[in-house]
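Report on the structure given below.
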Amino acid sequence: MPIAAVPNAQPGHPLPLLRVDGISKHFPPRGGGFRRAGAAVKAVDGVDLQLHAGDTLGLVGESGCGKSTLSTMLVGLTRPTAGRIWFDGEDITAVKRRHNAKLCREFQMVFQDPFASLNRRMTAFDIIGEPLHVHRIGDAAGRTARIGELMDQVGLSPALARRYPAELSGGQRQRIGIARALALRPRLLILDEPVSALDVSIQAQILNLLRGLQREYGLAYLFISHDLRVVRYMAPRIAVMYQGRLVETGSREQIFTAPAHPYTQTLLASIPEKWDGLD
């Protein structure tokens with residue numbers, strides 16, 4: 001399917017790297033003979049958002065609000081019911097990401113559970129190098145050098161290259177996931193709860209790593225979390241999601257000092273007074 005150009009582009013105004021217009025995902029109701037029209041589950045319902053190159057947008061909401069469903073639509077794992085997704089000015093809504101080498105290189109995803117998202121039968125070296133192999137980037141020597149470079153960038157010792165996920169800590173496994181995501185030199189990372197499965201002491205290390213990588217490579221982040229403490233640390237702009245919809249979007253200062261929506265106010269009231277290592 002051809003990729004269409006984004007409409008309404010204005011001279012002098014840079015296009016967002018990622019733009020989502022009215023994206024929705026409705027699932028049919030479960031059950032037998034009692035189905036009725038209009039009873040579909042609206043996991044995501046009419047979401048609009050924009051993210052520019054090099055920026056971070058924090059997407060926050062409680063479990064079940066639709067954050068992860070939205071992320072899987074953005075990377076092409078779930079097909080939207082309605083709406084459109086634009087990347088770098090091109091409509092990619094119906095494009096199969098796995099069969100489009102350009103899009104695979106442009107944005108990648110880091111998952112919540114680093115153990116579940118890694119192949120337990122592959123070593124760290126093979127996991128990080130898999131994207132290079134699949135996309136036939138470089139020869140064997142070049143791939144080996146690139147894998148070593150990636151391990152260094154995410155703070156992994158070369159001695160860990162031949163270890164399997166079960167032999168590594170949670171923080172080390174998540175560093176492998178980040179290195180794998182960086183292998184193709186993407187411009188956008190979708191980070192779906194990237195530290196929620198880690199110990200608090202390790203969370204700050206991974207978050208600081210992500211901030212450093214962003215400064216060095218100009219990456220754009222869509223940072224998804226249920227934890228406002230973490231989102232405040234990572235994102236200058238925050239969108240609040242509730243029951244499949246965005247109910248409030250604003251700067252970090254606006255959200256934390258003058259929240260307009262009752263749900264945002266409830267989230268802020270639930271933050272513990274002590275913010276371990278993330279102030």
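The values are calculated or read from the model by the stated rules, or taken from the named source; none is laboratory data. Keep in mind that this is a model prediction, so the values were computed, not measured. Here Cβ is always computed from backbone atoms with ideal geometry, including for glycine, and neighbour counts include all displayed protein chains.
Among the candidates Gln174, Gln153, which residue alone is polar (S, T, N, Q), more than 17 Å from Gln112 (Cβ to Cβ) and within 23 Å of the chain's Cα centre (by Cα)?
On the way: Gln174 fails: more than 17 Å from Gln112 (Cβ to Cβ).
Criteria check complete, one pass: Gln153.
Mind telling me which of the residues Tyr164, Tyr263, Tyr217 ends up being aromatic (Phe, Trp, Tyr) and in contact with a Phe, Trp or Tyr (Cβ under 9 Å, 6 or more places away or on another chain)?
Values: Tyr164 fails: in contact with a Phe, Trp or Tyr (Cβ under 9 Å, 6 or more places away or on another chain); Tyr217 fails: in contact with a Phe, Trp or Tyr (Cβ under 9 Å, 6 or more places away or on another chain).
Criteria check complete, one pass: Tyr263.
Output the number of residues of the range 236-254 satisfying the condition of being within 28 Å of Val41 (Cβ to Cβ) and touching a residue at least 24 places away in the same chain (Cβ under 8 Å).
10
Residue under question is Glu106, and the condition is that it be of a type in the set (D, E, K, R) and closer than 30 Å to Asp199 by Cβ; does it hold? First the steps, then the outcome.
On the way: of a type in the set (D, E, K, R): yes; closer than 30 Å to Asp199 by Cβ: no.
Considered against the rule, which asks whether it is of a type in the set (D, E, K, R) and closer than 30 Å to Asp199 by Cβ, Glu106 comes out as no.
Looking at the range 1-116, what strands (runs of 3 or more DSSP E) fall wholly within it and have at least 2 residues that are over 25 Å from Leu182 (Cα atoms) and at pLDDT 90 or above?
The strands (runs of 3 or more DSSP E) meeting that bar are 18-27, 41-51, 82-87.
Among the residues of the range 222-231, are any at pLDDT below 95 and acidic (Asp, Glu)?
Scanning the range 222-231, I find at least one residue that is at pLDDT below 95 and acidic (Asp, Glu), so the answer is yes.
Name the one entry in Phe107, Phe115, Phe125 that is surrounded by fewer than 22 Cβ atoms within 10 Å (Cβ to Cβ), in contact with a Lys or Arg (Cβ under 7 Å, 6 or more places away or on another chain) and in contact (Cβ under 8 Å) with a residue 40 or more places away in the chain. Show your work before the answer.
Details: Phe107 fails: surrounded by fewer than 22 Cβ atoms within 10 Å (Cβ to Cβ); Phe125 fails: in contact (Cβ under 8 Å) with a residue 40 or more places away in the chain.
After ruling out the rest, the residue left standing is Phe115.
Considering only the range 215-225, how many residues are surrounded by 18 or more Cβ atoms within 10 Å (Cβ to Cβ) and not hydroxyl-bearing (Ser, Thr, Tyr)?
Number satisfying all stated conditions: 5.
Residues Arg187, Arg175, Arg146, Arg136: which one is among the charged types (D, E, K, R) and under 24 Å from Leu228 (Cα atoms)?
Among Arg187, Arg175, Arg146, Arg136, only Arg175 is among the charged types (D, E, K, R) and under 24 Å from Leu228 (Cα atoms).
Quick check: is even one residue across the range 131-151 closer than 22 Å to Ser71 by Cα and buried (at least 16 other Cβ atoms within 10 Å of the Cβ)? Lay out the reasoning, then the answer.
Taking the range 131-151 as the starting set, the residues that turn out to be closer than 22 Å to Ser71 by Cα are 131.
Of the ones still in play, those that are also buried (at least 16 other Cβ atoms within 10 Å of the Cβ) are 131.
Yes, that holds for at least one residue.
Residues in the range 17-36: is at least one more than 17 Å from Pro194 (Cβ to Cβ), among the aliphatic types (A, V, I, L, M) and over 18 Å from the mean Cα position of the chain (by Cα)? Can you show your working first?
As a first pass, look at the range 17-36 and keep what is more than 17 Å from Pro194 (Cβ to Cβ): 17-36.
Restricting the remaining residues to those that are among the aliphatic types (A, V, I, L, M) gives 17-18, 20, 23.
Checking which are over 18 Å from the mean Cα position of the chain (by Cα) leaves us with none.
No: zero hits.
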